[in-house]
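Let me begin by presenting the structure, written as structure tokens, before commenting on it.
The values are calculated or read from the model by the stated rules, or taken from the named source; none is laboratory data. Here the structure is a predicted model, which means the values were calculated and not measured. Glycine also receives a Cβ, built like all others from the backbone with ideal geometry; neighbour counts cover every protein chain displayed.
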Amino acid sequence: MDSEIASATLKAVRRILRATETGRRGLAAATGLTPSQLLLLREISMHPGATPGVIAAQLQFSQATITALVDRLEALALVTRARSERDRRQILLDLTDEGRRKLNEAPDMLQQLFIERFGALPLWEQAMILAASEKLAILLGGGEIDAAPLLDAGAIDRAETEP
């Protein structure tokens, strides 16, 4: 009985991993972007003219991660950086026309589906899933791993987008 439950749990974890990888590959094929890059584009589109620090706080990414992601998106001509007119020390982020186009053409991310479906669950069920997920992370040796709230297994600031 115990081994049946363990096997069923491992199968569920495997399905989550495969769904995440399938979503990442589909996004890469459709846009050439990683999930974190698309998430950054979406955040900038919702807060045009925001500083990297504000975007980092919104996404719960480190400032260094945002800088690396913006570097890549700027090189792809999807994002611009401009100095603030009020405070020349501040850098403001905005999307280019190409960045808006990529964002509009991008398929829904698995993360967005999760947020919508998870949010529709009763709070007790959300708490139960959180507790089980936290325990599972500990059982798999990932309890101490720092992770952003992003459904992607790779490094957040990676450049490769192989489908």
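State which residue is nearest to residue 90 (Cα to Cα) when the search covers only the stretch 43-57 and only residues that are surrounded by fewer than 16 Cβ atoms within 10 Å (Cβ to Cβ) and in contact with a helix residue (DSSP H, G or I) (Cβ under 8 Å, 6 or more places away or on another chain).
Here the residue is 53.
Within the group 56, 77, 68, which residue is within 23 Å of residue 151 (Cα to Cα), of a type in the set (A, V, I, L, M, F, W, C) and without any contact (Cβ under 8 Å) to a residue 40 or more places away in the chain?
56
Within the stretch 70-100, take every residue that is basic (Lys, Arg) and over 17 Å from residue 36 (Cα atoms) and give me the one that is surrounded by the most Cβ atoms within 10 Å (Cβ to Cβ). Write out each step before concluding.
Taking the stretch 70-100 first, the residues basic (Lys, Arg) are 72, 81, 83, 86, 88-89, 100.
Of the ones still in play, those that are also over 17 Å from residue 36 (Cα atoms) are 81, 83, 86, 88-89.
Working: 81: 13, 83: 11, 86: 7, 88: 8, 89: 7.
Among residues in the stretch 70-100 that are basic (Lys, Arg) and over 17 Å from residue 36 (Cα atoms), the one surrounded by the most Cβ atoms within 10 Å (Cβ to Cβ) is 81.
Does residue 63 qualify as being within 29 Å of residue 129 (Cβ to Cβ) and of a type in the set (S, T, N, Q)?
Numbers: within 29 Å of residue 129 (Cβ to Cβ): no; of a type in the set (S, T, N, Q): yes.
No, not satisfied.
Take residue 92 and tell me if it is of a type in the set (A, V, I, L, M, F, W, C) and either under 20 Å from residue 151 (Cβ atoms) or in contact with a His (Cβ under 6 Å, 6 or more places away or on another chain) (or both).
Details: of a type in the set (A, V, I, L, M, F, W, C): yes; either under 20 Å from residue 151 (Cβ atoms) or in contact with a His (Cβ under 6 Å, 6 or more places away or on another chain) (or both): no.
No; evaluated as a whole, the condition is false for this residue.
Which of the numbered conditions does residue 74 fail, given that it passes all the others? Conditions: (1) part of a loop (DSSP other than H, G, I, E, B); (2) at pLDDT 90 or above; (3) charged (D, E, K, R).
Condition not satisfied by residue 74: (1).
Check whether at least one residue in the stretch 38-52 is touching a residue at least 12 places away in the same chain (Cβ under 8 Å), on the phi > 0 side of the Ramachandran plot and touching a strand residue (DSSP E or B) at 6+ places or on another chain (Cβ under 8 Å), and report yes or no.
Checking the stretch 38-52: at least one residue is touching a residue at least 12 places away in the same chain (Cβ under 8 Å), on the phi > 0 side of the Ramachandran plot and touching a strand residue (DSSP E or B) at 6+ places or on another chain (Cβ under 8 Å).
Would you check which residues across the stretch 42-56 are not small (Gly, Ala, Ser) and not in a helix (DSSP H, G or I) and list them? Explain how you work it out, then say what you get.
In the first step, residues of the stretch 42-56 are kept if they are not small (Gly, Ala, Ser); the result is 42-44, 46-48, 51-52, 54-55.
Residues satisfying the conditions are 47, 48, 51.
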